[in-house]
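The values are calculated or read from the model by the stated rules, or taken from the named source; none is laboratory data. Quick caveat: nothing in here was measured; it's all calculated off a predicted structure. Every residue, glycine among them, receives a Cβ derived from its backbone with ideal geometry; neighbour counts consider all protein chains shown. Heads up: the accessible areas ignore ligands, DNA and RNA and are worked out on the full protein's heavy atoms, side chains in. Shrake-Rupley method; radii C 1.70, N 1.55, O 1.52, S 1.80 Å.
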Amino acid sequence: MIRLQNIEKVYRTDTIETLALNSVSLDIAKGEFLSIMGPSGCGKSTLLNIMGLLDAPSKGDIRIDDQKTEGMNDKQLAAFRNKKLGFIFQSYHLINDLQVLDNVELPLLYRDTTAKQRRELAAEALEKVGLANRLKHFPTQLSGGQRQRVAIARAIVGRPEIILADEPTGNLDSAMGNEIMEILLNLNRNDGTTIVMVTHDENMAHKTHRLVRLFDGAQVQ
Ligand code: ADP
Ligand code: ADP
């Protein structure tokens, strides 16, 4: 589903050059739930951003669903990303002056959908994460765990084949973190969604199919 070959990422400024990823190769199968662990600064977010086509590698190849994304222009890349991928971040990244339902509808604005379809799909996604009773709330009126559930609803509303999650439980206490993890496990088991999750939590990582450890930009196992 996702194939990375010899990915290298160098961040350059006038004065410094950082090798963030050093020849990382990774094959992620359809339906797999993979976690990525490693110390701060080892390249986890960089790797996830490259998989999510949010950032380009300095060298190496990426294929998603057997399609090469190299050479796509920004518009093609955005459309491909919107169709194939859902993103979840540690800090939720919700829009605070939009109601929950409107936040979840956002990814559908780039699709050929009517307002009514968008409402229905967003309400369905919110029901799936247990928030059917919070449609008209604003994000600031919700707990951290609920906000992350809104973010998951937004990530799944377009039925992506792949979810990329950057420390989705990092800001949550263990009870709320476990709830979020259960939702992700169910999406993987029931819908066959491929999930790649960065985490600092060994317990969460051990619930997934496979754990990849990064150290200093390279894969250690
Ligand atoms: P992690 O997610 O594992 O904490 P990151 O992928 O964020 O690590 O960062 C990997 C390395 O790349 C770090 O050394 C970091 O300082 C560097 N880095 C990340 N983003 C940038 C950037 N935009 N410019 C320069 N260096 C960066
Ligand atoms: P952290 O928690 O480490 O501060 P986040 O999890 O908030 O970082 O974000 C991870 C990465 O995704 C960052 O490099 C950020 O620039 C990028 N990012 C965050 N939100 C979005 C977004 N809505 N669209 C695209 N990229 C984003």
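Order 148-156, 16-24 from most to least packed using the mean count of other Cβ atoms within 10 Å.
Details: 148-156: 26.1, 16-24: 16.3.
Top to bottom by mean Cβ count within 10 Å: 148-156, 16-24.
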Rule-of-thumb Rg ratio for segment 150-196 [Cα; 2.2 N^0.38 Å; N residues]
1.09
On the protein heavy atoms, probe 1.4 angstrom, tell me the percent of accessible surface of the chain carried by carbon and sulfur.
47
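What 222 nm value per residue comes from the helices of the chain, counting each DSSP H run with n ≥ 4 as -39,500 (n - 2.57) and dividing by all residues, nearest 500 deg cm²/dmol? List each step's numbers first, then the result.
Numbers: 7 runs with 75 residues, N = 221.
For the chain, the value works out to -10000 deg cm²/dmol.
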Quick one: Debye curve from the C-alpha atoms of the chain, no solvent, what's log10 I(q)/I(0) at q = 0.11, 0.16, 0.19 Å⁻¹?
-0.54, -1.12, -1.45
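Among 99-105, 37-43, 1-7, how do they line up from the highest to the lowest mean number of other beta-carbon atoms within 10 Å? List each step's numbers first, then the result.
Numbers: 99-105: 22.4, 37-43: 16.6, 1-7: 18.1.
Descending mean neighbour count gives 99-105, 1-7, 37-43.
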Taking 123-130, 52-59 and ranking on average Cβ neighbours within 10 Å, highest first, one gets 123-130, 52-59
Can you give me the P(r) profile for segment 170-221? Cα pairs, bins 5 angstrom wide beginning at 0, each as a whole percent.
4, 17, 26, 24, 16, 10, 2, 0
Can you classify segment 1-125 as rounded, prolate or oblate using the Cα gyration tensor, where a ≥ b ≥ c are the square roots of its eigenvalues, rounded means a/c under 1.5, and otherwise it's prolate if a/b beats b/c and oblate if not?
prolate
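Can you tell me the accessible area per residue over the chain, all protein chains present, probe 1.4 angstrom, in square angstrom? Each step should come with its number before you reach the end.
Values: 11030 Å² over 221 residues.
On a per-residue basis, the chain sits at 50 Å².
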